[in-house]
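Participant: Dumping the structure here so I can ask a few things about it.
Just so it is clear, none of the values below were taken in a lab; they were calculated from the coordinates. Quantities reported herein were computed from a predicted structural model and do not represent experimental measurements. All Cβ positions, even for glycine, are placed from backbone atoms using ideal geometry, and neighbour counts span all protein chains on display.
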C-alpha cells in the first residue's frame, strides 16, 4: 500500500503519544465501537490503513486507529472525513514510512 498523498505528521513528545494510544485503545474496546467504525466507513469510505492497523474507534467525526512502525513502535493515526490521514509521532519516527514493510527500501 502506498503512503497517502494527504498524510499529515504531527510530532508530539512520547508521553503525549502514549496517552493518546491508551485513549484510542480504550475507545476501541467500548461496546458499540465496531458498529461506529462500520458506520464511519460506510459514510466516508475505507481509511488508508494497512492490514497491521488495530484498535479502531470513532472519536467525534474522526476515525482513530493504532499502527506499528516498521520497527514495531505503535503510533496513533487519525482518518478524517475529507480523506486526510494524520499520524501522531515522536521526532525519532517522523521520517518513517508507515506503509511499507520493515527492511524495505521503497519510499
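Participant: What is the order of 55, 42, fewest Cβ neighbours within 10 Å to most?
Facilitator: So the residues, fewest neighbours to most, are 42, 55.
Participant: Now for a separate question. So for the stretch 7-93: antiparallel DSSP bridges make up what percent, rounded to the nearest 5?
Facilitator: That works out to approximately 70 percent antiparallel.
Participant: With 10 angstrom as the radius, rank 46, 89 by how many other C-beta atoms surround their C-beta, starting from the fewest.
Facilitator: 46, 89
Participant: Separation of the stretch 1-70 and the stretch 77-97 by C-alpha centroid, Å?
Facilitator: 10 Å
Participant: Roughly how many nanometres apart are two label points built 7 Å out from the Cα toward the Cβ at residue 23 and residue 6?
Facilitator: Spacing of the two 7 Å Cα→Cβ label points: 2.3 nm.
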